[in-house]
C-alpha cells in the first residue's frame, strides 16, 4: 500500500486504517533467498502520522503462507505465518536501525511487509514426515536423536586400552 506524505498530512487526527493484499514476484524476492515463493499475504494496519517530525507509527497484522526450502532435503515446505508487529517509518534518513527510512515523498508498505515476513522465518525449517534422509558417497544425514544415541553407546578407543590392564594386582 502506498501513501504520499501529502495524503498522510491531510488525515483527520493523523489516524490511518488500511487493508492490503500485496503480491511479490521473483524480483522482489532476490534480496530474500530463503523465500522461494509468497503464496498469500494479507496485511491489516492501523497507524498514526505525526506531521511535526514526519514519523508514521504502524501496527501491522500480517498473515499468509510462503514456500521455503526444507533445511534437510531442500524440498519445498509451505510455511504459514501470523505476524503482529509495531513499526516506525520516517520520511528522510534515520540513524535508528529500528526505524524504516523513506527517501521519497511516497511511502510504500510492501517492502516493510516483506522484510517482516522474512524475519519471521524460523532458523531451521524441516518438512514433516521425512522418512529417507539424504545420503551420498561417504556421507549421510542422520537424525539428531540417532547421533546422540550413537555417541552414548560408543566407548572412547583411548579408554579401551585401560580395560586390558589388570587392575587386581
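Counting DSSP beta bridges with both partners in the stretch 1-135, what percentage is antiparallel, nearest 5?
Numbers: 38 of 42 bridges.
Antiparallel bridges make up about 90 percent of those DSSP assigns within the stretch 1-135.
If each residue of separation counts as 0.36 nm, what is the full-extension length gain between residue 23 and residue 115 once their alpha-carbon separation is subtracted?
Contour length minus the Cα-Cα distance gives 31.8 nm.
Between residue 147 and residue 159, what is the label-to-label distance in nm when each label sits 7 Å out along the Cα-to-Cβ direction?
That separation, rounded to one decimal, is 2.1 nm.
Order these by the 10 Å Cβ neighbour count, fewest first: 74, 139.
The fewest-first ordering by Cβ neighbours comes to 139, 74.
For the stretch 63-137, would you read off the P(r) tail past 20 Å as a percentage of all alpha carbon pairs? Don't jump to the answer; show the numbers that get you there.
Details: 1372 of 2775 pairs.
Roughly 49 percent, once rounded to a whole number.
Relative contact order (percent) for the chain, with alpha-carbon contacts under 8 angstrom and 6 or more residues of separation?
Reported as a whole number, the value is 18 percent.
Calculate the translational D of the stretch 118-169 in whole µm² s⁻¹ from Stokes-Einstein, where the hydrodynamic radius comes from the Kirkwood formula applied to all Cα pairs, the temperature is 4 °C and the viscosity 1.567 mPa s.
84
Nearest 0.05, what FRET efficiency do residue 124 and residue 74 give at R0 = 22 Å with Cβ-Cβ as r? Spell out each step's value before the answer.
Values: r = 13 Å, r/R0 = 0.60.
Efficiency, from the Cβ-Cβ distance: 0.95.
Quick check: pseudo-label points 7 Å beyond the Cα along Cα→Cβ at residue 86 and residue 39, how many nm apart are they?
For residue 86 paired with residue 39, the spin-label model returns 3.2 nm.
P(r) of the chain in 10 Å steps, Cα pairs, percent per bin?
Over the chain, the share of Cα pairs per 10 Å bin runs 8, 27, 22, 14, 11, 8, 5, 3, 1, 0 percent.
Taking Cα atoms, how many degrees apart are the long axis of helix 110-119 and the longest axis of the chain, rounded to 10 and kept between 0 and 90?
Between helix and principal axis, roughly 20 degrees.
Which of rounded, prolate, oblate describes the stretch 27-104, given a ≥ b ≥ c as roots of the alpha-carbon gyration tensor eigenvalues and a/c under 1.5 marking rounded, otherwise prolate only if a/b is larger than b/c? Before the final figure, lay out the partial values.
Details: a/c = 3.21, a/b = 2.04, b/c = 1.58.
Prolate, because a/c is 1.5 or more and a/b exceeds b/c.
How far is helix 144-153 tilted, in degrees, relative to the longest principal axis of the Cα atoms in the chain, given as a value from 0 to 90 rounded to the nearest 10?
For helix 144-153, the angle is close to 30 degrees.
Which of 42, 150, 12 has the fewest other C-beta atoms within 10 Å, and how do the rest follow up to the most?
Values: 42 13, 150 10, 12 5.
Neighbour counts put them in this order, fewest first: 12, 150, 42.
Bear in mind these aren't lab numbers, they're just calculated from the coordinates by the rules spelled out. A quick note: this is a predicted structure, and the numbers were derived from the prediction, not measured. Reconstructed Cβ throughout: ideal geometry from the backbone, glycine too, with neighbour counts over all protein chains shown.
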